[in-house]
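Report on the structure given below.
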Amino acid sequence: MLNRAWWIIAMVCLSLTLACGQSAPASQEQSAPLAEGSPEQAREPSGQDMGTAPQPTPADMSAPTGPNQVPQNILSQESEAAEPTLARPSTAEVVPAATGQAAVTVEEPAPTGTQASASEIPAPTLTLGGQHACELDPSGRALCWGYNWHGQAAGPDELFVDISAGDRHTCGVTTDNRMFCWGFDEQGQASPPEGSFTSVSAGHSHTCAVSAEAKAVCWGNNEMGQAAPPDGDFTYVTAGEEHTCGLTTAGEAVCWGWDNFGAGTPPDARFMSISAGPEHTCGVTSDAEVLCWTWGENKHGEATPPEGSFLSVSTGWSTSCAVNSDGNAVCWGSGYTKKFDLSGNIITPPKAGSPWLAAGPLASLETTGASYCAVTAGGETLCWADTPSVQTLVPGAAFETVKIQRSDGCGLTESGKARCWGPSLQYGTAPPDDAVFASITFARRAMCGLTTQGQVLCWGSREDSERLTENTPRAVFTAVDGSSEDICGLTAGGQAICWGQRSKETIEADKGSFSALSVGHDHSCALDTEGRATCWGRAADYMEPPPDASFDAISAGLTRTCGIKAGGAALCWGAGGTGSPGAMDGPFAKAFPVGRGLCTLDTEGRFRCSPQEGPLNALEPPGDLRDAAFTDIHISGQNVCGIRAEGDLVCWSEQQNTIVVPAR
C-alpha cells in the first residue's frame, strides 16, 4: 500500500510538469495510498481499480520485502502530522471516521524540472467491472476474465501501465501513453480521443482519464454532465455511474456530474485517494481518515465509515471497503445476509451497517458491492462473492474439463480442484478445498465430483446435495455422470449404480463389466468391456435399441444417444432413427446428440454441429474460436463451454462469447 502513495506523488510531479528529487523525504512515503476508482452500474454493480505494481522505495524507509508487501510501520514512525482541513459542506451528508488516529505527514515534492512519463509510473493493476475483471501481469499485458458478451474481457496485445474495467467496457493506458478501449461502445465510452495519457478510470457508461498535461479528459455518456470535467490540473480521476471525481495537485477533491442533494460537493479536506460509487463517494484523507458523502439516504450505512487509520478505500453498491493500516480489509454497508472470508468460507455476519473484518495482510482491496477482490501482501489475487460468478474465478491453473447446467458451471483444473460458479452456490455449499477430483458432473442443482480415491462428494444446492450424499452407495467408483435428476456411477467391479430423485438401481452388464458411462435426460447408457452399449431408463423403453456395434465412447442426450466407433466414426440412434451424421468429417473424439442433430469434437479439437441451421446454429463457436482447438466440450441448452488446448475456459451462446477465464 505504501507503493500506491509513491504512485500518487509521482502523478503529482507529472501534473506539475515536475519530477521528484533523487531521494524523497521519508514523510512522503508515509502518505496513504491511492485507490483507483471506477464504475458502478445501475443494476449490476461494477467496481474500482486497485494497484499492486512494485514501486521505488526510499532507502531511509523500511522497504517492503515484495512488490505488494504492506509495511507494518507505515503509521508508527514518528513524524510531524500535516494539519488536516475538515470543514464540512452544508449541502452533502458527510460522515467521517473517528478522529484522533495517528496522522500521516504529507509534503509537497520539490520541483526539479524533469517530467515523468506514464511508462515510468507504476499504476494500479487490478480492476473489477460489471461482471468481468482485469489485471496486468508483471510484463504489463492485460489478463481479463469473466463475462465477455461485448468483448470487454478480450484486450489487445499491448503493454499497459494502467487498466480500468467499466460496466461492460475496459480501457488501458499503454507504456507509450496511448489509450485503448474495448467492449460495449453504445454511448462512446470505448471510443477515446487522440492524445497522450497517464491514467484512466472507466465508469458505467463513460470514461475519464488524466492527460500527459495533467488535464481531466472524459468521453461517453454525458447525460448528467459526468463526462464534462472542469478546468484545472489533476493527478487522478475516478468515474462512477453518473458523476466523476478527481484529485487536484493540491490533494483537493473535485466532483462533476449529478449533484443531487450535494452529491458532488466533497468535504473540505486533503485526500490521498478517492473512490466514486453509484450513490456515494469515499476518500482517504492525508491523516489516514476515511470521509464519505452521499446523495442517498445512507440507509445501509455505506457512507458511515468505522474508526481507524486507513490506506485505501473502494466503494460499491450500498457497500464500502477499505484497507486499514494493519493491511486488513474492513467493510461496511449492506449485504450482510452472507459474507465470505478470503478462503471463501462463510463468516458470521455482524449487524447490518456495522463493519466486518477480513484477515490480511492485504496490499489492496476492491468491491462492487456484490463481488470482492484483494491482492495480498505476497502478491496473490483473491476474489469472493455472495454468489460466486465467473468474475471471481481468478486465472490460475489450466483447466482440463468443464460441466455446465442452467446458469451453474464447474471447471476442473489440472491439479484436480473444482472451481465453480452460479446461483446454486449462493445459498448452498462450495466444493471442499481439500478434495482432489478426477472428474465432475451435475445432478439437478447439485454438483458432484469423483475424488482420486473413488469417493463421490456433492455440493451446491443444500437440498439436492444433501439428498444425493445421503443416498450415495457405499462403494469405490471409477466413473460418475449425472443428469437433471439422477447420478450414476461405475464401481470398481464394473457395476452401474444409479441414485437420485427418480430411482436407485443397479445395472449389470450383459457381458462382463461396464467400462464407460453416460447419463442423459431420461435414460442412461454404458459400454461393456467389449464396447457393446446397454441403455436403461424411461426414454430407453421407447427408443430404438443400441446398434450391434463396438464403441470406444458413448454420449446420452435427451432422446438420442451417439457413440464413437473404432477409427473415429460417429453412429447415433434413438429419435429420428439410426445412422451416421452427415456434413461433418471425422475422425471424432466425442459426439453430443442435440435434438435430432449432432455436435462433435474431432480428433484435432475442432467443434462443429450439424445441421448448421435452427438451434444447432446457435451452438457453433464464434468467429474468434472457429478454428480453436479444444480438449473438452460440454453443452447445456443453448450454452456451450469448452477447454482450449492452452487450458483456458471459454463459453459461448448464439455465436457470441459469454465467458472467458484464461489460464496463467
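Can you tell me which of 191-197, 479-485, 520-526 comes out highest on packing, and rank the rest after it, using the mean Cβ neighbours within 10 Å?
Descending packing order for the listed peptides: 520-526, 479-485, 191-197.
Label GLN638 and ASN222 with points 7 Å out from Cα along Cα→Cβ: what is the distance between them in nm?
3.8 nm
At 0.36 nm per residue, minus the direct Cα-Cα distance, what do SER580 and ASP268 gain on full extension? Give it in nm, one decimal, please.
104.8 nm
Nearest 0.05, what FRET efficiency do LYS299 and ARG178 give at R0 = 56 Å with Cβ-Cβ as r?
Efficiency, from the Cβ-Cβ distance: 0.85.
How many nm separate the modelled label positions at SER407 and GLN455, each set 7 Å beyond the Cα in the direction of the Cβ?
Between SER407 and GLN455, the simple spin-label model gives 3.2 nm.
What ranking, highest mean first, results for peptides 314-324, 451-461, 267-277 when packing means the other Cβ atoms within 10 Å averaged over each residue?
314-324, 267-277, 451-461
Highest mean first, what order results for 278-289, 414-425, 166-177 on Cβ atoms within 10 Å?
Order by mean packing, descending: 278-289, 166-177, 414-425.
Would you please give the FRET efficiency between GLU158 and GLU646, computed as 1/(1 + (r/R0)^6) with r the Cβ-Cβ distance and R0 = 25 Å, to the nearest 0.05?
0.80
Classify region 239-329 as rounded, prolate or oblate, taking a ≥ b ≥ c as the square roots of the eigenvalues of its Cα gyration tensor: rounded when a/c is under 1.5, otherwise prolate if a/b is larger than b/c and oblate if not.
oblate
Taking 30 Å as the cut-off for C-alpha to C-alpha distance, list the pairs among LYS299/LYS417; LYS403/LYS565; LYS403/LYS504 that go past it.
Long pairs (Cα-Cα over 30 Å): LYS299/LYS417.
Suppose the chain between SER191 and ARG596 were pulled fully straight at 0.36 nm per residue; how much longer would it get relative to their current alpha carbon spacing?
Here the answer is 141.4 nm.
From largest to smallest, what semi-axes in whole angstrom does region 436-510 give when each is the square root of 5 times an eigenvalue of its alpha carbon gyration tensor?
18, 15, 9
So how far, in whole Å, is the C-alpha centre of region 503-528 from the one of region 250-314?
Cα centroid to Cα centroid, the span is 62 Å.
Hey, with R₀ at 41 Å, roughly what FRET efficiency would GLN655 and GLU463 work out to, going by the Cβ-Cβ distance, to 0.05?
0.70
Which value in nm describes the separation of the simple spin-label points at SER415 and GLU604, placed 7 Å from the Cα toward the beta carbon?
Between SER415 and GLU604, the label points sit 3.5 nm apart.
No lab work stands behind these numbers, since they all come straight from the coordinates. This is a predicted model, so every value here is computed, not measured. Here the Cβ is made from the backbone with ideal geometry for all residues, glycine too, and neighbour counts use every protein chain on show.
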